[in-house]
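Presented below is the structure to which this report refers.
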Amino acid sequence: MGKIFQIHKEGKTPLTRIFIALLLINLVTFIFLPDTIFTAIVFGLSLLLFAMTLNFYRKPERTYKGDLHGLVNAPTDGRIVAIEKVIEKEFLHDERIKISIFMSLFNAHSNWVPVTGKIVHFSHIDGNFHAAYLPKSSNENEHTNIVIETPEHGVILTKQIAGAMARRIITYVQEGEVIHIGSPLGFIKLGSRMDIFLPPDSDILVDMGEEVRANVTFLARLTKQNQ
């Protein structure tokens, strides 16, 4: 059995700092304003803020067995905000189905590998900080580009995209690395999104507005490519 609740390694330092700050604030109010509504409100808000931060830095204990070739994993917890056909002009140069997952402040922000394969391109692009649910954030916001070549099901592109409040994208994989579905990919701090660009003949398994869970929900089934 895995642990029910784990804190992501990216959250240990910020959580410690937030805990100390909230502890000091509440000590001051308890000492100088005891038995007041203000002190009770500060204490309640502190508990709420710390609980939300804990959830944000939560690391879900979910894993797949095997490489599950042909299936596309939801690379993060969140809500499907786009399923559309687009022309991907930068890396794939053809028609693709783009699936976008928006992470709110209430979602765990751990990112996971969507398919088994080899990373043939990786880049990190500085950019703006538009709201992550806006379509233009996919290209204009700070983001990563991770192109993965699968053994038998073609090439996909996935992006980690910073949102209006996000100020740091962390990626653990690198170009040339062989990766496996459901393994750690990275982390995005504060509200953000991930985009997946799939072959146009993919069998999409999710719907608009659906809440998905990383390493639980499959986004699509890929068609085997002719070798």
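The values are calculated or read from the model by the stated rules, or taken from the named source; none is laboratory data. Just so it is clear, the model here is predicted, and its values are computed rather than measured. Because the Cβ atoms are built from the backbone with ideal geometry, glycine has one as well, and the counts that use them run over all protein chains shown.
Any residue at all in the stretch 37-58 that is of a type in the set (Lys, Arg), touching a Gly at 6+ places or on another chain (Cβ under 7 Å), in contact (Cβ under 8 Å) with a residue 12 or more places away in the chain and at negative phi? Checked the stretch 37-58: no residue is of a type in the set (Lys, Arg), touching a Gly at 6+ places or on another chain (Cβ under 7 Å), in contact (Cβ under 8 Å) with a residue 12 or more places away in the chain and at negative phi.
Among strands (runs of 3 or more DSSP E) entirely within the stretch 123-213, having at least 3 residues that are modelled with pLDDT of 95 or more and either outside the structural domain of residue 14 (by TED's automatic domain parsing) or not β-branched (Val, Ile, Thr) (or both) singles out 143-149, 155-162, 192-198. Right, residue 25: at negative phi and outside the structural domain of residue 150 (by TED's automatic domain parsing) or not? When the stated conditions are applied, residue 25 passes them. Checked against (1) assigned to a loop (DSSP other than H, G, I, E, B); (2) modelled with pLDDT under 90, residue 114 passes all but a single condition, namely (2). Hey, could you check the stretch 1-25 for residues that are under 14 Å from residue 56 (Cβ atoms) and aliphatic (A, V, I, L, M) and say which is modelled with the lowest pLDDT? Ranking the candidates gives 7 first.
Scanning the stretch 63-76 for residues that are in a strand (DSSP E or B) and touching a Lys or Arg at 6+ places or on another chain (Cβ under 7 Å) yields one hit, 71.
Checked against (1) part of a loop (DSSP other than H, G, I, E, B); (2) in contact (Cβ under 8 Å) with a residue 60 or more places away in the chain, residue 79 passes all but a single condition, namely (1).
Being at pLDDT 90 or above, under 20 Å from residue 185 (Cβ atoms), touching a helix residue (DSSP H, G or I) at 6+ places or on another chain (Cβ under 8 Å) and surrounded by 15 or more Cβ atoms within 10 Å (Cβ to Cβ): is that true of residue 100 here? Yes: the conditions hold for residue 100.
On the given criteria, is residue 78 of a type in the set (Gly, Ala, Ser) and either in contact with a strand residue (DSSP E or B) (Cβ under 7 Å, 6 or more places away or on another chain) or surrounded by 11 or more Cβ atoms within 10 Å (Cβ to Cβ) (or both)? Judged against the criteria, residue 78 is a match.
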